[in-house]
Amino acid sequence: MNVAKWLLLVILALPFAELLVFVAVAASIGFGWALLLVLTSSLAGGLILRRAGGNHIARVRTAMNQGSFTAIQADGTGIATLFAGILLLVPGFITDVLALLLLIAPLRRLMAGAFGGSPPVRRADGVVDLEPEQWQRVPDKELPDRRGPGERP
């Protein structure tokens with residue numbers, strides 16, 4: 001089976017799995033508390049999307065209009081936060097757990113490594129360290145050449 005079929009199967013099975021987990025949680029802690037948890041997590045997702053999502057959506061839209069996916073890759077943390085907000089907005093405990101995993105920074109880095117990518121490292125001074133294949137040198141003709149006499153371009 002290819003990836004699209006697996007993804008379709010997961011999307012179709014997710015509501016049933018969420019319902020089963022909700023029933024199990026409601027049986028354990030009570031229906032009212034389970035409903036309150038689901039509503040609270042949806043509210044948290046809406047707040048995350050409102051606070052952090054607008055800025056990231058604008059950046060993604062700009063990058064896609066320019067045809068540059070490098071900007072999206074460089075902002076992996078923002079995309080993960082945006083996706084976590086969407087997952088929290090969807091009612092259910094399975095999506096909430098996945099969203100919380102995306103919001104915890106060490107787990108987010110671990111998952112990025114498991115899926116073959118390494119997120120850029122943000123230093124305290126705001127500099128983003130990228131992997132060598134994620135950037136390219138673009139000469140700026142307005143800046144003076146600061147290389148020494150023996151250095152090559």
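The values are calculated or read from the model by the stated rules, or taken from the named source; none is laboratory data. Small disclaimer: the values here were computed from a predicted structure and weren't measured. A quick note on method: Cβ atoms are made from the backbone with ideal geometry, for glycine too, and the neighbour counts reach across all protein chains shown.
Looking at the stretch 50-67, I want the residues that are hydrophobic (A, V, I, L, M, F, W, C) and have a partner that is in a helix (DSSP H, G or I) and at pLDDT below 70 with Cβ atoms under 7 Å, at least 6 apart or on another chain. Which pairs are those?
Cβ pairs passing all conditions: 60/72; 63/71; 63/72.
Could you check how many residues of the stretch 20-33 are out of contact with any Gly (no Cβ under 8 Å at 6 or more places or on another chain) and touching a residue at least 40 places away in the same chain (Cβ under 8 Å)?
Residues meeting the conditions: 1.
Against the definition (assigned to a helix (DSSP H, G or I), surrounded by fewer than 17 Cβ atoms within 10 Å (Cβ to Cβ) and at pLDDT 80 or above), how does residue 87 come out, yes or no?
no
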